[in-house]
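Taking it in order: structure first as C-alpha cells, then the write-up.
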Amino acid sequence: MGYEAWVTSDIGAPFSLQTLERESLGPEEIEVAVEHCGVCHSDLSMWRNEWGMTTLPAVFGHEVIGRVTALGSQAKGLSVGQRVGVGWFSGSCMHCRQCLSGDQHLCLEGQPTIAGHLGGFASSVRAHWAWTIPLPDGLNFADAGPLLCGGITVFNPLSRFATPKSRVGIVGIGGLGHMAVKFASAYGCDVTAFTSRESKFDEARSFGAHHVVASRDSAAILELQNSFDLLIVTVNVPLDWDALLKTLAPNGRMHVVGAVLEPIPVPVFTLLTRQASVSGSPTGSPVAMAEMLDFAARHQIAPQTEHFPMSQINEAFQHVSEGKARYRVVLDADF
C-alpha cells in the first residue's frame with residue numbers, strides 16, 4: 001500500500017517527499033490520516049542521531065493529530081473517522097509486568113514511533129490501538145500535537161508527585177517548560193519559573209507562573225532554599241545542580257524530564273538533610289495521556305505554537321534547530 005512521507009536518508013540530511021510502500025494493516029493496528037504533527041526536540045535529536053538509535057531511511061514525527069481511516073481485525077475501542085492522537089510510542093508488548101500493570105510506557109519492548117518505525121511526517125501513520133488515543137471534545141486540535149509528547153512528559157510527574165497545595169518549580173521555559181507552567185498553575189500549585197532569559201520573565205507569568213527566577217543566577221536560586229515540594233527540570237544543559245537541589249523542601253523531589261546528556265552531580269548530603277529525592281521519567285501510559293488530554297480540554301490548556309505547512313519541513317527543522325521556536329512548531333499536512 002502506497003502513501004506519501006517526508007524522508008531523510010542520512011543523518012542531518014534534508015527531507016524529501018517520497019512515496020513509500022508498507023505491508024497490510026496488522027490485526028491490532030490503527031491507520032491514521034495525519035492532519036497535524038508537532039516537531040519535537042526529540043525529532044531533532046533523532047535527526048542528528050544524538051542518542052545513537054536512529055535507523056535510516058527515517059520518517060520522524062511523533063506528535064500526531066489525525067483521523068482513523070482503517071482498523072485491524074482485532075483493534076478495539078475506536079471507529080473510522082474518529083479524531084485521535086499518536087505520541088512517542090506506537091506500541092508495546094502488552095504482556096509484560098509493566099504493560100499488565102498499566103505502565104506500558106516502561107515496557108522494555110516498547111516501540112517508539114520514530115525509531116524502527118515510520119512516523120507522522122507523512123500522509124498517514126500506524127499504531128497499536130491502545131496507543132492511539134481518542135481526543136476529547138473541547139481540545140484545540142490544531143495545536144494539540146505537542147501535548148502527546150511534551151505535554152504528557154511534564155504532566156506525568158505533576159500528577160504523580162504534586163498536589164494543588166504544592167510549591168512547584170519549573171526549570172526552563174521552552175517547549176516543555178511552558179506547558180509545565182500551564183499545567184501546574186491550572187492544578188492550583190504555587191509556581192516558580194526558572195529561565196535563563198530575562199526576556200521570558202513576563203511571558204512565564206502569562207503562562208501562569210507566580211514567581212520568576214534567573215536560572216543562571218546561583219545567588220538568587222540559593223535565596224529559595226527549602227522551598228519546593230517538586231522541582232521539574234525540563235532543560236538539557238548543565239546548571240548549578242547543587243544550588244537547585246538546595247531549593248528542595250523536606251521530602252522534596254527534583255524530577256528530570258529534559259534529556260541531559262552529561263552526568264548530573266548529586267551531593268548526597270543535600271539529599272540526606274532534606275530526605276529529598278532525584279528522579280526522572282519518560283512520557284506516560286495511554287491512560288495517563290488520556291487523562292492529560294481531558295485535563296487540557298477542561299482547563300483550555302494548549303501549547304503556544306507556530307505552524308508551517310508540512311511541505312516546509314526543512315525550514316521548520318532549521319527554525320527549531322536554531323532555537324527560534326516559540327514554543328512548539330506544528331506541521332500542517334498539505335499533501
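Looking at the structure I just gave you, is A130 over 16 Å from the mean Cα position of the chain (by Cα), at pLDDT 95 or above, within 27 Å of A58 (Cβ to Cβ) and open to solvent by 10 Å² or more (accessible area, probe 1.4 Å)? Steps first, please.
Details: over 16 Å from the mean Cα position of the chain (by Cα): yes; at pLDDT 95 or above: yes; within 27 Å of A58 (Cβ to Cβ): yes; open to solvent by 10 Å² or more (accessible area, probe 1.4 Å): yes.
Yes.
Run down L222, L231 and say which single residue is closer than 14 Å to T270 by Cβ and under 24 Å from the mean Cα position of the chain (by Cα).
Details: L222 fails: under 24 Å from the mean Cα position of the chain (by Cα).
So the residue among L222, L231 that is closer than 14 Å to T270 by Cβ and under 24 Å from the mean Cα position of the chain (by Cα) is L231.
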| request: Return the total of residues in the stretch 67-102 being out of contact with any strand residue (DSSP E or B) (no Cβ under 9 Å at 6 or more places or on another chain), more than 17 Å from S24 (Cβ to Cβ) and hydroxyl-bearing (S, T, Y). | output: 1
| From V287, V320, which residue is open to solvent by 60 Å² or more (accessible area, probe 1.4 Å) and touching a residue at least 40 places away in the same chain (Cβ under 8 Å)? | V287
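Please specify each residue of the stretch 25-84 satisfying the condition of being among the acidic types (D, E), modelled with pLDDT of 95 or more and open to solvent by 60 Å² or more (accessible area, probe 1.4 Å).
Of the stretch 25-84, the ones among the acidic types (D, E) are 28-29, 31, 35, 43, 50, 63.
Applying the additional criterion that residues be modelled with pLDDT of 95 or more yields 28-29, 31, 35, 43, 63.
Matches in the stretch 25-84: E28 only.
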| remark: Residue hits (the stretch 1-13; free of Cβ contacts under 8 Å to residues at least 24 places away in the same chain and in a strand (DSSP E or B)) are G2
| Can you find a residue in the stretch 101-113 that is in contact with a Ser or Thr (Cβ under 6 Å, 6 or more places away or on another chain), surrounded by fewer than 21 Cβ atoms within 10 Å (Cβ to Cβ), in a strand (DSSP E or B) and touching a residue at least 12 places away in the same chain (Cβ under 8 Å)? | yes
| So which residues in the stretch 286-309 are part of a helix (DSSP H, G or I) and either out of contact with any Ser or Thr (no Cβ under 9 Å at 6 or more places or on another chain) or modelled with pLDDT under 95 (or both), if there are any at all? | V287, A290, L293, D294, A296, A297, R298
| request: For the stretch 244-269, enumerate the residues that are over 26 Å from the mean Cα position of the chain (by Cα) and crowded, with 17+ Cβ neighbours inside 10 Å. | output: K246, A249
| said: So the check is Cβ under 7 Å with 6+ separation or different chains; which pairs have a first residue in the stretch 256-272 that's of a type in the set (D, E) and a second one that's open to solvent by 30 Å² or more (accessible area, probe 1.4 Å)? | reply: E262/P238
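Just checking: which of the helices (runs of 4 or more DSSP H) contained wholly in the stretch 148-243 hold 2 or more residues that are buried (at least 19 other Cβ atoms within 10 Å of the Cβ)?
Qualifying helices (runs of 4 or more DSSP H): 150-161, 177-187, 201-207.
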| query | Restricting attention to the stretch 133-147, which residues are of a type in the set (G, A, S), open to solvent by 10 Å² or more (accessible area, probe 1.4 Å) and part of a helix (DSSP H, G or I)? | reply | A142
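The values are calculated or read from the model by the stated rules, or taken from the named source; none is laboratory data. Owing to the predicted nature of the structure, the values given are computational and were not obtained by experimental measurement. Methodologically, a virtual Cβ is constructed for each residue, glycine included, from the backbone with ideal geometry; neighbour enumeration extends over all protein chains shown. Heads up: the accessible areas ignore ligands, DNA and RNA and are worked out on the full protein's heavy atoms, side chains in. Shrake-Rupley method; radii C 1.70, N 1.55, O 1.52, S 1.80 Å.
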